[in-house]
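> My structure is below; once you've seen it, I'll send some questions.
The values are calculated or read from the model by the stated rules, or taken from the named source; none is laboratory data. Computed from a predicted structure; not experimentally measured. For neighbour counting, all protein chains shown are included, and Cβ atoms are generated from backbone atoms with ideal geometry for every residue, glycine included. Areas reflect the complete protein model, heavy atoms only, side chains present, ligands, DNA and RNA absent. Shrake-Rupley method; radii C 1.70, N 1.55, O 1.52, S 1.80 Å.
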Amino acid sequence: DVKVTQSSRYLVKRTGEKVFLECVQDMDHENMFWYRQDPGLGLRLIYFSYDVKMKEKGDIPEGYSVSREKKERFSLILESASTNQTSMYLCASRNFRGLAGGLGKNIQYFGAGTRLSVL
Amino acid sequence: DQQVKQNSPSLSVQEGRISILNCDYTNSMFDYFLWYKKYPAEGPTFLISISSIKDKNEDGRFTVFLNKSAKHLSLHIVPSQPGDSAVYFCASITQGGSEKLVFGKGTKLTVNP
């Protein structure tokens, strides 16, 4: 089974703090993604990474940055946390070129999420 | 502009009956469609998918139907069970394009015992 692990289930931070959200996948997937989920807004893509050291902005990158130094790890960084970044953060990974190939490559596997509260 | 729309924020059905969740899309370049299920405080889990070359895909109690001319897909759950109560997200992708999944806003399904 694919396992995507997010380091924290719940986080409480103060406005202005630098926040690191960590995500690790154990299936050698090339692609990794960060989303946030808010009521009534669904899942919105913040950043994604095709492979190590590669990153692309998603739909709502403002106030966030990412780091992918190793294939299995994708970090989301809130440079200066603000109250409007209080949300559920979800990490996902995808096997783009592996044995799953074909249509299976479209499936993203999600972690359990990190509920971040910024006070 | 919302490319994937789930117009019903919520749906309530009785146990044993059929649940039908709907999804509309506007981008004709989408060629693969997925449904995810999400319980509170958990990440979404993949449920079922369909390629644009098909109009139906079935997996146990779950069937997805695709109507390309109407740019509409639906997820049928028969029979519905209380454990199916969750938020269901429809997602679409253009293969060979940006490779990003585009999600709808979700439909909260409640199955009453």
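> Would you mind finding the one in B:12, B:92, B:80 that is touching a Ser or Thr at 6+ places or on another chain (Cβ under 8 Å) and buried (at least 20 other Cβ atoms within 10 Å of the Cβ)?
Sole residue among the options that is touching a Ser or Thr at 6+ places or on another chain (Cβ under 8 Å) and buried (at least 20 other Cβ atoms within 10 Å of the Cβ): B:80.
> Select from segment B:93-113 the residues that are assigned to a loop (DSSP other than H, G, I, E, B) and under 16 Å from the mean Cα position of the chain (by Cα) and write down the one among them that is farthest from residue B:76 (Cα to Cα).
B:101
> Can you tell me which residue among A:43, A:76 is closer than 30 Å to residue B:7 by Cβ and touching a Leu at 6+ places or on another chain (Cβ under 8 Å)?
A:43
> Within segment A:52-64, how many residues turn out to be open to solvent by less than 40 Å² (accessible area, probe 1.4 Å) and either in contact with an Asp or Glu (Cβ under 6 Å, 6 or more places away or on another chain) or part of a loop (DSSP other than H, G, I, E, B) (or both)?
Here the count works out to 3.
> Still on this structure, please answer the following. Would you pick out the residues in segment B:29-87 that are assigned to a strand (DSSP E or B), farther than 27 Å from residue A:45 by Cα and among the basic types (Lys, Arg)?
If the condition is that a residue be assigned to a strand (DSSP E or B), farther than 27 Å from residue A:45 by Cα and among the basic types (Lys, Arg), then B:56 is the only one that fits.
> I'm trying to understand the selection: among the residues of segment B:40-69, which are under 20 Å from residue B:26 (Cα atoms), open to solvent by less than 60 Å² (accessible area, probe 1.4 Å), among the small types (Gly, Ala, Ser) and out of contact with any helix residue (DSSP H, G or I) (no Cβ under 9 Å at 6 or more places or on another chain)? Even if it seems obvious, please write down each step before you answer.
From segment B:40-69, those under 20 Å from residue B:26 (Cα atoms) are B:49-56, B:64-69; that's our starting set.
With the extra rule that they be open to solvent by less than 60 Å² (accessible area, probe 1.4 Å), the set shrinks to B:49-52, B:64, B:66.
Then keep just the ones that are among the small types (Gly, Ala, Ser); that gives B:49, B:51-52.
Scanning segment B:40-69 gives a single hit, B:52.
> Suppose the filter is closer than 11 Å to residue B:23 by Cα and either among the β-branched types (Val, Ile, Thr) or within 14 Å of another protein chain (Cβ to nearest Cβ) (or both); does residue B:86 pass it?
no
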